[in-house]
Structure formats: structure tokens, C-alpha cells
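Reading through the C-alpha cells given below for one structure.
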Amino acid sequence: MTNTSSAERADARHDRQSADDGSGLVLADLRVTYGAGATALRAVDGVDLSVPRGSTLALVGESGCGKSTIAKAIVGLAPSVGGQILLGGMDVTTERGRSAAHFRRRVQMIFQDPYSSLNPRMTVAATLDEALALHTGLNRVDRRARAAELLDLVAMSGTGADKYPAEFSGGQRQRIAIARALATDPEVVIADEITSALDVSVQASILNLMREIQARTGVAVLLITHNLAVARYFSHRTAVMYLGRIVENGDESLYTAPRHPYTRALLDASPSLAAHREDRVPLAGDLPDPHDPPSGCRFRSRCPVGPLTHQDRTVCIDREPPVVDPAGLAVACHFPPEQPAGR
Amino acid sequence: MASRRLRAIVGAPGTVVGLVILAIVVVVAIIGPAVWQDRAMTMNVMEARQGISASHWLGTDVLGRDVLARILASTRTSLLLALAAVLLGSAIGFPLGAVAGLLPPRGRRLVGRGIGIALAFPGIVTALFICTVIGIGAFGGVLAIGLAMAPGFARLAQTLGTAVAGSDYVAAARVLGVRRGALLRRYVLPNIAEPLLITVTMAASDALIALAALSYLGLGVQPPSYDWGRVLGEGLQDIYTTPAVALGAGAAIVLTGLAFNLLGESMAHGFDSRAGSVSARALRRMGRSLLPGRGLPAAPPEPDGEPRVALRLEDLSVYFPGPDGTLVQPVRGVNLTVGEGEMVGIVGESGSGKSLTALAAAGLVPYPGQVRVQRREIAGSDVATMHPEQLRKLLGTDLAMVFQDPMTSLNPALRLRRQLTEKLEVHEGITRAEATERAILALTDMRITAARRRLDQFPHEMSGGMRQRIMIAMGLMGSPSLLIADEPTTALDVTVQAQIIDLLRALNAEHGTAVVLISHDVSVINELCHRMVVMYGGRIVEQGPTAEVIAAPRHPYTAALLAAVPTLQTGREEPLASIPGQPPSPTAMPAGCPFAPRCAAADATCRQEMPPLIPDGQRDLACWHPLSESDEGRAPGGLASPRVGSPAGRSIPGTRRVRT
Ligand SMILES: Nc1ncnc2c1ncn2[C@@H]1O[C@H](COP(=O)(O)OP(=O)(O)O)[C@@H](O)[C@H]1O
Ligand code: SF4
Ligand code: SF4
Ligand SMILES: [Mg+2]
């Protein structure tokens, strides 16, 4: 990356930043429904989250809990969104708000499977050029130079921009996808399971790359993953999701002193390189039918400290636990441990 | 890439034959009427209904016209009518399907159902119906066939369009704000053009035959015009006296149809081929469909001096045809022994040969792969000397396999009951009720709740974790002594993964079932396996007791692999250790140590000579310069960053610090 161009971009970024309040991405009471009527599925049911600029928020939970739906809602790929999505303090929930805020340039997404997220019929150069042409206003020559810079940024310089995706390995494709996302110089990047289709050694290099990029550009990252070790390593804060709701939101202490029984169960289930834990108690049952979540606390049908084991805890059946709010309350449980429990 | 694909298509023998035939047909179609029309129309009642002769190679018809001339002269008509029908069909069908794909869900369902209904009628019946409504004749025939083909084209366009529109790369483009027109032009069309082209080519053959059929029935081309169908029809009246007449016209239709089909087939093949690379995904996909059936009890083990083992592979190699007629060898001389009741994990990056080793152990390497092995023993029986029938039974009973994606191994169209009980009924000769009870027991063993009710469900009604447990239950119903599981938990959540690991552990403890667990995730193997085998470049590079290998890896690759795994204790300030470069491709395997291009400790010996796998205490190692026990803190070969060796993040409670 040449000094001049990065300095210019830094200026441009500065101009843009002055237009907002620096709060990054904020979700307020976000709701997403698939379908309508009797078969409606509330995949996301009142979620509050915030990803300040320069930081990473990890969103973890079992598949089907609504993580990807949140991502889709943010980038406008989900139907019927309720609540509010704010970017730098501006409301971007509706298409109108989005175009006023230059939303597409400022928020980009990286997908899980690099084998399917690149158009097999477009060369790397064409893929990057398209993004640049749409959002930068650079001329053809400058776009070419910028594309080379981007490939350099993702450590793919000199690897044949005229090739098609099929000619690259999975890790290389994911780098190309990252370069595409960075082409618009976004303030927020949503990374949905970007390493789960990759080998561990490749995962390590992609995570390192994302960190470097964040250090260099100050981009805010919403990292969606089901791998808790990856979430902990990469993020500043972590939100744990269960059946469309956030059940716990915390910093690194969430991994050492989880407060929600579900967070604890997830940590317990994570395989590790430490000695075996043959005594672990597996979580009872499967995820309930999301069309018909349990009343009260949604986790109660599997909770090891809920009404399954403590008959007197009927409040878990009758009343919904309070809503997790990223600024204030951090756990949605009627009976969180008094002292944050050590693992 | 485009040109490579083109070469793959043009180079296929089917293409050559198809193109040659079509070229001849086209030439005949162009010059046909001018050259042969007179001869074809000349009646000579004196020479009617003659057989093959020097002056009439295919004989003559009722009116004494030369049949060969008639076939040649009508080539143009036949071909043009067929093409017109296909063009009409695609002109109606493709836009209809495309529009259907763009409609909101309700409209899409409605149009989809309409297309489905139209498709339910056999094309020729639809055509006959339309023909009688519109009126007979060439125009009516083309219209009828074209309309009859339209629903098929529409369905294809709709399915393809929906698939492409739902793909991640289109989603990515939408996130970027790519406009609708560009989306269609750059993303959707290029990705559906090839299959559509193939279909149109193949459909030309159908249209040709259908039109011939209409004319033959007297509904298509009307006299005095004629096409192949008419010539065939006229000839058929005299099939017993002058069979050559009918056969000639029939041959013209069949040959041309065949040419279109050959061309379509080889296009489809060419578009698919990725220049002969052995794709691990494709292999796994093939492998999955080859799940062994449950069989009769195994043959008694052969008396043998050595202790019985669950699995023994000696000098196993797997070959595949590579590009340009070469052979590639993705598995290169693997020796693996799994004791009775032992749980062994095989770890390695994708392409390292893990899955092929497992498939070869079960004799399931897909065509055109070839396996060479000195000795293959399962449950103490030497498989090499076994009769194929015996072998099949052994694979059905003593060995069970579970693959990554249970959905592709379960038949989506059958209720679980059938899938679980049928083979038991057939092979063990027990009644349906008994088989059902056994199935319920097996499901309950896998902690599947309401097993009896589940038997009446279809696979898609279950979650991924449940399907995976069902797969394992199926595998275990014959009480195998060895279970080979290839990435059984990779697609699953940690909670389900933990359940399955616990189940496998319980299975091992209760029934002594030996387990080979293949995973790219060392921590999963650590949770379950006594022994760990590390594969790289088709070879075993290190093996030993899991805890020891993890605590003190001695092969530079093992060390690098372990260092790259983030754990819940990894220091968050340090970058993760990564391995520079890429694993070697089977088509370009280094001459010496496969890890040499990425190993910092590599020297000239490493690059020239393959290190053999040598026992060293409890460990087997294939490295010229292994990390030694006292090598605390030494940075292993190939690590990208000097920080990797720092103790910061790698200490693991309860074990020694992982040496990196
Ligand atoms: N396009 C869709 N139509 C209907 N339901 C969907 C759709 N996409 C996801 N869902 C459902 O919404 C819920 C949340 O899914 P998703 O956001 O993909 O979860 P995650 O990313 O956490 O795995 C699941 O129950 C899933 O089946
Ligand atoms: S509210 Fe009750 S059921 Fe829900 S997590 Fe807390 S203790 Fe468990
Ligand atoms: S030291 Fe030599 S033999 Fe050992 S892994 Fe490195 S290159 Fe291979
Ligand atoms: Mg997801």
C-alpha cells in the first residue's frame, strides 16, 4: 500500500467520520420474522447489540439460533425487519435511510463458504473492480492500482488477478472475498463463520489477517461464529444467542466466569486441547422448535439449573427473563449466580 | 479457464463423433433439396416396392420413388422443424421460468405448481392434444412440440435461476449494491447459460424424434411435403417386403438424435471437469453414497498367530488418473494398525489423504481410484484373500462407516423405518416387528427421544445432530467391531458434537467397539482418542499416544498444526501461529519430505530424500530432524512468526506447555 493513497483515504475516512457520532453499528430491539400468519417464525426476537468502531463483537450460539439472520437483516437481505439499525447514529433500518447514509459503502459482509461466495464466472480483477467502480469514483487506471493494493493487503499480491475463483484454494478465496469487502473502505464488516469452512492453519492466517486489517483501518467487526475459542481470541465483547434472543453479553470474563447457564453449557461442550473432561454433563435434548419456543425462559427445556432440576423455579416457566442490553444488564436469567462463578 | 474447458469439451471422443455426424447432417440439409429433390419426387410405378439394389440403395416406396433420395432430400425439413420446435419451446419456457423465479413467494409457488402440472403429462401426449386442437400439419406439429417442451425448459430455468439467485455470490453482490441489470448479466446468466445450452442441445434430439412421430402418425408434415417421419411411416407399411425403407429413415432419425445427445453429454462433462484434479469434496461425496449395507454375520476369523486387530493396513497407496494421462498418488504407503477396542484419531489438513485412507480401509475408494495394499485386515480377517461375497458381509457387519453429511447418506425419500429395518429383515431373516424393536433400541442407544415416533419421520424432519446420531445408530445395528467415522461432527454445533463424542466413548466402553475418528480438529481427537495419527501429503508423519503428542509434538508439522489452533487459553494479544504456503497438491508432490517447502528446518537432505516413518519409543516419526524432547521453546520449522514460540498463549492446564 503506498503512503499517499492510504493517507488520502485516511483523510476521506476522517471526513466521513465527522458526519457521524462514532458509535459504529447499533441494533435496537431488532426483530426479524420469516413467513407470516400461523407459520411465522420469529428468527430474531428483540435483540440489542452494539459494535463500536475499531472493536469486534462476537456473536455465538448454536446453528439456527438466528445469528446469520441478524447479519442478513443488517445488510438488507432479510425480510420484514422491525426495531432499529443505526450506523454512526443514523437510522439505516429502511432503504431510504440506507441510501442517505451511503450504507452499502460503509457496511460490508464476508460469507462463510469461499467456494460459493465468489462468482465463478468473474476473475479476481473483475470482482474487485466491480466493487471499486460502484463506490469509489476512481477511474479505470486508479481502480487497477487500488485492486493491486487490496490484494497486497490480503497477502495475495502477484497471484494472478486474471484468474477465476476455481483456480484458488479455499484460504486464498477467502482472502479474495475479504479484499472485496474492503474495497469500499467500510466502517463495519460482518464476518459470518468466515473460517469454519477452512483448515485450522488457514483459519489462523485469516484471523491474523483480519486483526491486522482492523488495527490498520479501525474497521468494526461483527464476528459470527460457533467456535468459542475463535470468538474469545478475536473479539472485545461476546454476545451469546439462544433461539432469537441474546442471553448474555460480556467481555473476556464471559469465558472464565459465565453467568448464563447456556453460556456455561457451550463452554463445557467446546472441545479443547487440555485433558479430557469425561465428567461433563451434556446439554439435555435438542434445540426446541423455533416456531414454538418455550414460554417464559426459552432455555428452560434444557437448562440444568432451571425447572427441570429445581421444581420451585416456576418463574422460569411463567415469566420471560429481562432483556440483555449491551450497556446495562448482561444476563437474561432469573437465577444468575450471585458471584460470577469461576469455571 | 474458459479455453481449458472448451478444450476438454472438444477433445472428448463423444464430441468428435457428435460433431462429425452433425456436420454431415447439416451439409446434407443444405444441399439436399437441390441435389436429390428430383430423384426423390420421380415416381416410377414399375419400380415400386423394390428392395435394395444398385440403382436404389435403400429400395423404393409404393410409388417407386428412391427412398435414399427422399431421406436425404427431407433432411432439411426434418432438421429445421426440430430446431424450430426447440427454439419455440425455449422462447416460451425460459422467460416463463425466469419470471417465475423473480416473482414474490406466493406467485412463484403458483407458477411453479402450474409448471409442475404441465410437466406431469407426457410431452408427446400434450403434443398430440395440442396438434388436434391447432390442426394437423407442419406448423401445428412444431407448435405442439414447442409448447409441449416449454414446461420442461421453464422448470429448468426456474430451478437454476432460484439456485443462482440464492447463492452467496449473488448475496455478496447485493450487499455491494450491484444493480439488477448487472446482476442478471454478470452473475445469473453466465452461471445458468451452460446447463441451459446443454439442455437445448439434448432437447433437439427429443424434438426430432417427436416430430418424426407426429408425421409418422399422419399429424405432422402433410403430403406432398415429407420429412423423415413420413418416410418412416410410408416405409413401415412395407416393413415385411422391403424393410430397408423403414430402417433407412429410422437410422437417420436415430443417428442425428444420437449426435445431439453425444454433443450435449460431452458439453455437460466438459463444463464439469476441473482438469482432472482429485477434489476431496467430490471424493467424499462419492464415498458417502457407498455406505456398506448390513449383512450376515462375519466369516469366522482365520486362525492366526498374531493378536487380532480391528484394522491393519500395510503399505496402502491410492492412485487416481491425473492430468495428461499421469497417475497421482494421494495416499502414499500408509501403515496403520488399530487394536481391538482402540480409539484412534487421524488428523490432517484437507487433501492430506485422511478420507481416502478410510475409504480404502473399507474398500470404498470410488472409481476411477485404484488401491494397492500389502495387507488389509478387518477384525482379524485378511480381506485380500477373501471371496467378494464374504467381503461384502464383513463390511456389512464388522465394519461400519459414518460420513460427514448425514443427509447425503440417508435416503431423503424414505421414512426412517424402512431405512433402518429393511436390511435387517433381508439379511438376518427376522420379522418386521423384530427389526423395528432392534431399530428402536439402536436409536434409544443414541439418546434419540421418542424413537418409535421418529421411525415414521423423514430425514429432513430431523436436525443435523439427530441425523448424524441416526447414521451412527444404523452403522451400529450389526454390532461392528470397528467404526470408521469421517468428520462425523464437523458440520455440527459444539453441543451436539459433545453429545456424539460422549456416545462414541460410551460405545467403546460398553461394547469394545474400536473407533477410527477422522477430523481436521485436533481438539476433537483429544477428547476421544487414545492414539493420534498425523497425516501430511498422503503419508503418516507422526503418531503416538494423543496426550503425549499434544503435549510434546516432535514432527515440525504436528507442532505447527497444534500451535495454529486457538483455544480458550490462547493469549489474545499474540497473532496465531500459521503455516506459510499450502499443502502440496497430489499432482506436484515434492521429491523428499512433503513438508519441506513449508518447513524452516528443511535442508538439502529433506528436499531430496523422503524421511521414513521410524518408531521412537511410543512414537512413530517421519522426519530427518525431529524436535527433541529437550527442545523446549525451540521454534519448529515453518512457523510464520517468531512470536509463535513464545510461551504466552500456549500453556494448557493439566498438561505440559505445548512446545511450539
Ligand atoms: N430464508 C428463511 N426462511 C425461513 N426460515 C429461515 C430462513 N433462514 C433461516 N431461517 C430460520 O431462522 C432461524 C435462524 O436461522 P439463522 O439465522 O440461519 O441461524 P444461525 O445463523 O444462528 O445458524 C432458524 O430456525 C432457521 O431455520
Ligand atoms: S431463567 Fe431459569 S430456565 Fe432460564 S436460564 Fe435462568 S435458571 Fe435456567
Ligand atoms: S525437518 Fe526436514 S524432514 Fe523434518 S519436517 Fe522439516 S523438511 Fe521434513
Ligand atoms: Mg449461520
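Of all residues in the stretch B:88-101, none satisfies being of a type outside the set (A, V, I, L, M, F, W, C) and touching a strand residue (DSSP E or B) at 6+ places or on another chain (Cβ under 8 Å). Looking across A:GLY54, A:GLY61, one residue alone is within 16 Å of ligand 2 (Cβ to nearest atom) and within 26 Å of A:VAL230 (Cβ to Cβ). It is A:GLY61.
Yes/no per residue for (1) under 26 Å from the mean Cα position of the chain (by Cα); (2) β-branched (Val, Ile, Thr); (3) surrounded by fewer than 23 Cβ atoms within 10 Å (Cβ to Cβ):
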{"residue": "B:ASN335", "(1), (2), (3)": "no, no, yes"}
{"residue": "B:ILE346", "(1), (2), (3)": "yes, yes, no"}
{"residue": "B:SER350", "(1), (2), (3)": "yes, no, yes"}
{"residue": "B:ALA361", "(1), (2), (3)": "yes, no, no"}
{"residue": "B:GLY369", "(1), (2), (3)": "yes, no, yes"}
{"residue": "B:GLN374", "(1), (2), (3)": "no, no, yes"}
{"residue": "B:ASP382", "(1), (2), (3)": "no, no, yes"}
{"residue": "B:THR385", "(1), (2), (3)": "no, yes, yes"}
{"residue": "B:LEU391", "(1), (2), (3)": "yes, no, yes"}
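If I go through the stretch B:178-218 residue by residue, how many of them are open to solvent by 20 Å² or more (accessible area, probe 1.4 Å) and within 11 Å of chain A (Cβ to nearest Cβ)? Qualifying residue count, the stretch B:178-218: 10. Just one of A:SER253, A:SER272, A:SER301 is more than 16 Å from ligand 3 (Cβ to nearest atom) and either within 16 Å of A:ALA58 (Cα to Cα) or in contact with a Phe, Trp or Tyr (Cβ under 8 Å, 6 or more places away or on another chain) (or both); which is it? It is A:SER253.
Of the set (1) open to solvent by 50 Å² or more (accessible area, probe 1.4 Å); (2) more than 43 Å from the chain's Cα centre (by Cα); (3) β-branched (Val, Ile, Thr), all apply to B:VAL254 but (2). For the stretch A:129-164, filtered to residues that are within 9 Å of chain B (Cβ to nearest Cβ) and of a type outside the set (Asp, Glu), the residue that is nearest to the chain's Cα centre (by Cα) is A:ALA131. Scanning the stretch B:571-599 for residues that are farther than 16 Å from B:TYR536 by Cα and either assigned by TED's automatic domain parsing to the domain that holds B:PRO323 or open to solvent by 40 Å² or more (accessible area, probe 1.4 Å) (or both) turns up B:ARG572, B:GLU573, B:GLU574, B:PRO575.
Whether a residue is within 11 Å of another protein chain (Cβ to nearest Cβ), touching a His at 6+ places or on another chain (Cβ under 9 Å) and of a type outside the set (Ser, Thr, Tyr) was assessed, and B:GLU574 does not pass this test.
The set of residues from the stretch A:209-240 being open to solvent by less than 20 Å² (accessible area, probe 1.4 Å), away from ligand 4 (no atom under 16 Å from the Cβ) and over 17 Å from A:GLY24 (Cβ atoms) comprises A:LEU209, A:ALA229, A:ARG232, A:TYR233. For A:LEU118, state whether it is surrounded by 20 or more Cβ atoms within 10 Å (Cβ to Cβ), more than 10 Å from every other protein chain (Cβ to nearest Cβ) and not charged (D, E, K, R). No, not satisfied. The set of residues in the stretch B:489-539 that are open to solvent by 10 Å² or more (accessible area, probe 1.4 Å), away from every other protein chain (no Cβ under 13 Å), more than 30 Å from the chain's Cα centre (by Cα) and not hydrophobic (A, V, I, L, M, F, W, C) comprises B:GLU510, B:HIS511, B:GLY512, B:ARG531. Flag: A:ILE178 does not match the condition of being over 26 Å from B:GLN569 (Cβ atoms) and within 16 Å of ligand 4 (Cβ to nearest atom). Restricting the stretch B:571-611 to residues that are of a type in the set (Lys, Arg) and within 30 Å of A:ARG232 (Cβ to Cβ), the residue that is modelled with the lowest pLDDT is B:ARG572. When A:LEU243 is tested against (1) modelled with pLDDT under 90; (2) open to solvent by less than 20 Å² (accessible area, probe 1.4 Å); (3) among the aliphatic types (A, V, I, L, M), exactly one condition is not met: (1). So A:ASP251 clears everything in (1) without any contact (Cβ under 8 Å) to a residue 24 or more places away in the chain; (2) facing chain B (nearest Cβ under 7 Å); (3) of a type in the set (Asp, Glu) except one condition, right? Which one? Exception for A:ASP251: condition (2). Examine the stretch B:366-373 for a residue that is without any contact (Cβ under 8 Å) to a residue 40 or more places away in the chain and in contact with a Leu (Cβ under 9 Å, 6 or more places away or on another chain), and state whether such a residue exists. There is no residue in the stretch B:366-373 that is without any contact (Cβ under 8 Å) to a residue 40 or more places away in the chain and in contact with a Leu (Cβ under 9 Å, 6 or more places away or on another chain). B:GLU542 falls short on exactly one of the conditions (1) of a type in the set (Asp, Glu); (2) within 20 Å of B:SER350 (Cα to Cα); (3) within 13 Å of chain A (Cβ to nearest Cβ), and that condition is (3).
Scanning the stretch B:544-559 turns up at least one residue that is under 28 Å from B:PHE403 (Cβ atoms) and assigned to a strand (DSSP E or B). Could you list, in sequence order, the residues of the stretch A:60-99 that are open to solvent by 40 Å² or more (accessible area, probe 1.4 Å), assigned to a helix (DSSP H, G or I) and more than 14 Å from chain B (Cβ to nearest Cβ)? Selection gives A:ARG96 alone. Restricted to the stretch A:199-227, and to residues there that are more than 12 Å from every other protein chain (Cβ to nearest Cβ) and among the small types (Gly, Ala, Ser), the residue that is nearest to A:THR56 (Cα to Cα) is A:ALA220.
Among the residues of the stretch A:187-196, those that are within 10 Å of chain B (Cβ to nearest Cβ) and surrounded by fewer than 24 Cβ atoms within 10 Å (Cβ to Cβ) comprise A:ASP192, A:SER196.
The values are calculated or read from the model by the stated rules, or taken from the named source; none is laboratory data. Just so we're clear, the structure is a prediction, and the values are computed from it rather than from any experiment. A quick note on method: Cβ atoms are made from the backbone with ideal geometry, for glycine too, and the neighbour counts reach across all protein chains shown. We work out accessible area using only protein heavy atoms, side chains counted, and drop any ligands, DNA or RNA first. Shrake-Rupley method; radii C 1.70, N 1.55, O 1.52, S 1.80 Å.
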